[in-house]
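Okay, so here's the structure we're looking at.
The values are calculated or read from the model by the stated rules, or taken from the named source; none is laboratory data. Nothing here was measured: the structure is a model prediction, and the numbers come from that model. Backbone-built Cβ (ideal geometry, glycine too); neighbour counts: all protein chains shown. Side chains included, ligands, DNA and RNA excluded: accessible areas come from the protein's heavy atoms. Shrake-Rupley method; radii C 1.70, N 1.55, O 1.52, S 1.80 Å.
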Amino acid sequence: MGSVMRGRAHVYSRAHINTDEIIPARYLNTHDHAELAKHAMEDIDPEFVSRVQPGDFVVAGEDFGCGSSREHAVWALRSAGIQCVIAANYARIFFRNSLNNGFLAVECPGIVDKITSGDEIEVDLEKGTIRNVTRGTEEAFLPLTPFVKEMLAAGGLLPYIARRHGLEYTPAPPVPRLDVKLSQLMPAGR
Amino acid sequence: MARSMTITEKILAAHCGRDSVQPGEIVNVKLDLIVCHEVTTPPAIKMMAQIGVSKVFDPTKIVVTPDHFVPNKDIQTAELTKELHRWVKEQGIERYHQLGDHGICHALVPEQGYILPGMTAVCGDSHTTTLGAFGAFASGIGSTDLAAALATGELWFRVPETLRFNVKGKLPHGVYAKDLILYIISKTGVDGARYCTMEYHGSAITAMSMESRLTICNMAVEAGGKSGIMEADKVTAKYLKKRTTQPYTVFQSDAGAHYKDVYEIDASVLEPMVALPSLPSNGRFIGEVTKIAIDQAYIGSCTNARIEDLREAARIMKNRHVAPGVKAIVVPATSGVWRQALREGLFDIFADAGCVISTATCGACLGGHMGVLGKGEVCISTTNRNFVGRMGHPEAQVYLASPATVAASAIAGRIADPRDYMEKPLPRRGEKEVLVGVAEGDRRPQEDYLWGV
């Protein structure tokens, strides 16, 4: 995660977008991130997965991610290509799951009025700002607490714990991108 | 002298080696109980391997049961349960409840006497808040948290602010714990308790059985809460006495404890509640609800499928029949509840009324199996969430209510007031009480059974 992130916004201005909308329970029979990514936001925006590009942002209203504790919601969004969620505020388990995964979720009250879907957004972690490049406006997000910064810097809860307990952390194998076909991963000639 | 604290602050302080803690602080908390099921545990097992830990910190502090998709609903869920089973054997976890002895974890754990006052408990499931009814700190977590908890026996928490709910008076005839919590959530909204603990006091709470208290704490997360909590009292002690011999510590909130907000509620003016689609906070008194026709009535989930719930539903369904065209589904919360309902003849009542009866599972509550809804279908349900898509198709509609209201609606074929199906106030005191979930060989003669003992 660099200190400046840039991408396009997908705005869901409603409050209380819940984990059943982010990843419906009918897909909880797997925890394969790439598989989950195919169904991200399916029940609120069936076109989301066909529009989303690597590095995009989800922008939402209050209480984003309420409902179940399924971490699958974070995995689905991240694996679909989302690099950061910006919401007015979050339900606690979603927020916790995001940080634990080293996945940035920043809080910015009123943000849904400042960004339209398709706008280009730049989030500067050091300055604590969200710039709407398309509109030329800038907002400040709520500062991250020292603990959150430390965990994000470590890359999430597991590497953070590994450091505290003197363990070695092995990252999970990278999640294949949605649009990468198996054939493209095969060396030529096979 | 330590500052005045709430129960939750005291429990957290005691579990991080401090005299006191205050809201907003991040503390590393030692865990007494970790509950595992087949959906969120398999990813956590993989994650433990990522930090090179192959053994759980203490197998005696872990309870495992499959619950979401049991019996396996498809190949993928079979693989999840298989992995859970393999891991339990590998780790030497003894408190493992396999199919036939299984149950929805939040109902099974109390029934087996695993949760005690003063404990800290986590589970990779949002309804872990249920266990707070015993005066314990219990909160839902994700899979990464679960991996960390299983590996290290501790977890980070932000000490929550506490909201206090003083519930005075007595719940009227036909009005239950479910109606009370739906009423409370209609006042707080689905995020009114975000990051907070919901602490309950008052005569309406102390008069409740443990089962009803579990229903109240179960839905704390539906108000955005981190946990729900009640002071352990005589009812708690009686319930635990026959289920465990383990010692425990009872914490009480200090008189000078700080509350973020205090709600005063008079239980005696409440009526049956129905939460309209698609938020649990859309609760209305039944008199204000349009009595629309239903396609399905679902009695199940960690919220409302314990024996008392099934008894209330059966009282209404006795000698009646489900309305033509309505699918009525009864899903006891645990195998123990299932066996008890069978013994008490409740299944005869449900079957004669035209219901189907399932094994214990989370099932259709989360749109898993055993009653998933199709497009446009209307369901009244004893479950906890009525979000878009929760029980199936995004265009299905879910109404939340008590077991009595759901049973009455199944009979009427439309949303109905349970009081119209009750001739007189039901006997509450002195009725025969039964101990659920204890092995047959351990049972005493029927007369000695005491509910909630």
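In table form, for the structure just shown:
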read-out: Matching residues in the range A:99-114 - criterion: being on the phi < 0 side of the Ramachandran plot, more than 13 Å from the chain's Cα centre (by Cα) and open to solvent by 10 Å² or more (accessible area, probe 1.4 Å); value: A:Pro109, A:Val112, A:Asp113, A:Lys114
read-out: Condition check for B:Phe157: touching a residue at least 40 places away in the same chain (Cβ under 8 Å), in a strand (DSSP E or B), within 30 Å of A:Leu158 (Cβ to Cβ) and not basic (Lys, Arg); value: yes
read-out: Residue check, B:Pro403 at pLDDT 95 or above, touching a strand residue (DSSP E or B) at 6+ places or on another chain (Cβ under 6 Å) and away from chain A (no Cβ under 14 Å); value: yes
read-out: Selected residue (criterion: surrounded by the most Cβ atoms within 10 Å (Cβ to Cβ)) from residues of the range B:49-86 that are in contact with a Leu (Cβ under 6 Å, 6 or more places away or on another chain) and at the interface with chain A (Cβ under 9 Å from one of its Cβ atoms); value: B:Ile51
read-out: Flag if A:Ala37 is away from every other protein chain (no Cβ under 11 Å), out of contact with any His (no Cβ under 8 Å at 6 or more places or on another chain) and closer than 17 Å to A:Glu107 by Cα; value: no
read-out: Boolean, B:Gly192 is of a type outside the set (A, V, I, L, M), more than 24 Å from B:Ala333 (Cα to Cα) and crowded, with 18+ Cβ neighbours inside 10 Å; value: yes
read-out: Any hit, the range A:21-37, residues being under 19 Å from A:Ile86 (Cα atoms), out of contact with any Leu (no Cβ under 8 Å at 6 or more places or on another chain) and touching a residue at least 12 places away in the same chain (Cβ under 8 Å); value: yes
read-out: Where B:Pro42 falls short, out of the listed (1) closer than 20 Å to B:Gly140 by Cα; (2) within 26 Å of the chain's Cα centre (by Cα); (3) more than 9 Å from every other protein chain (Cβ to nearest Cβ); value: (3)
read-out: Among residues of the range A:80-98, those that are surrounded by fewer than 21 Cβ atoms within 10 Å (Cβ to Cβ) and among the aliphatic types (A, V, I, L, M), counted; value: 1
read-out: Meets criteria (within 13 Å of chain A (Cβ to nearest Cβ) and crowded, with 24+ Cβ neighbours inside 10 Å) for B:Leu366; value: yes
read-out: Residues satisfying the stated conditions in the range B:199-223, i.e. under 21 Å from A:Arg96 (Cβ atoms) and either open to solvent by 10 Å² or more (accessible area, probe 1.4 Å) or without any contact (Cβ under 8 Å) to a residue 40 or more places away in the chain (or both); value: B:Val221
read-out: Strands (runs of 3 or more DSSP E) wholly inside the range B:252-298 containing at least 2 residues that are open to solvent by 10 Å² or more (accessible area, probe 1.4 Å) and either aliphatic (A, V, I, L, M) or under 19 Å from B:Glu395 (Cβ atoms) (or both); value: B:261-266
read-out: A:Phe64 being open to solvent by less than 10 Å² (accessible area, probe 1.4 Å) and within 12 Å of chain B (Cβ to nearest Cβ); value: yes
read-out: Selection from the range B:301-350 of residues that are in a strand (DSSP E or B) and under 22 Å from B:Gly174 (Cβ atoms); value: B:Ala328, B:Val330
read-out: Qualifying positions in the range A:128-157 - assigned to a loop (DSSP other than H, G, I, E, B) and not aromatic (Phe, Trp, Tyr); value: A:Gly128, A:Val133, A:Thr134, A:Arg135, A:Gly136, A:Leu142, A:Pro143, A:Leu144, A:Thr145, A:Gly155, A:Gly156
read-out: Residues of the range A:80-98 satisfying the condition of being outside any helix (DSSP H, G or I) and closer than 22 Å to A:Glu120 by Cα; value: A:Gly81, A:Ile82, A:Gln83, A:Cys84, A:Val85, A:Ile86, A:Ala87, A:Ala88, A:Asn89
read-out: Criterion: within 30 Å of A:Arg96 (Cα to Cα), open to solvent by less than 10 Å² (accessible area, probe 1.4 Å) and away from every other protein chain (no Cβ under 14 Å) - qualifying residue of B:Leu240, B:Leu182, B:Leu155; value: B:Leu182
read-out: Filter result for the condition that a residue is within 22 Å of the chain's Cα centre (by Cα) and surrounded by fewer than 24 Cβ atoms within 10 Å (Cβ to Cβ), over B:Leu310, B:Leu342; value: B:Leu342
read-out: The range A:130-153, residues that are of a type in the set (Val, Ile, Thr) and open to solvent by less than 20 Å² (accessible area, probe 1.4 Å); value: A:Ile130, A:Val148
read-out: Lone unmet requirement of (1) open to solvent by 10 Å² or more (accessible area, probe 1.4 Å); (2) of a type outside the set (D, E, K, R); (3) more than 14 Å from every other protein chain (Cβ to nearest Cβ); (4) on the phi < 0 side of the Ramachandran plot for B:Val175; value: (1)
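Conditions tested, residue by residue: (1) under 15 Å from the mean Cα position of the chain (by Cα); (2) surrounded by 24 or more Cβ atoms within 10 Å (Cβ to Cβ); (3) modelled with pLDDT of 95 or more; (4) not in a loop (DSSP other than H, G, I, E, B).
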| site | (1), (2), (3), (4) |
| --- | --- |
| A:Asp45 | no, no, yes, no |
| A:Val49 | yes, no, yes, yes |
| A:Val59 | yes, yes, yes, yes |
| A:Ser68 | no, yes, no, no |
| A:Val74 | yes, yes, yes, yes |
| A:Arg78 | yes, no, yes, yes |
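Matching residues to (1) touching an Asp or Glu at 6+ places or on another chain (Cβ under 6 Å); (2) closer than 22 Å to B:Leu373 by Cα:
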| site | (1), (2) |
| --- | --- |
| A:Ser3 | yes, no |
| A:Ala9 | yes, no |
| A:His39 | no, yes |
| A:Ala76 | no, no |
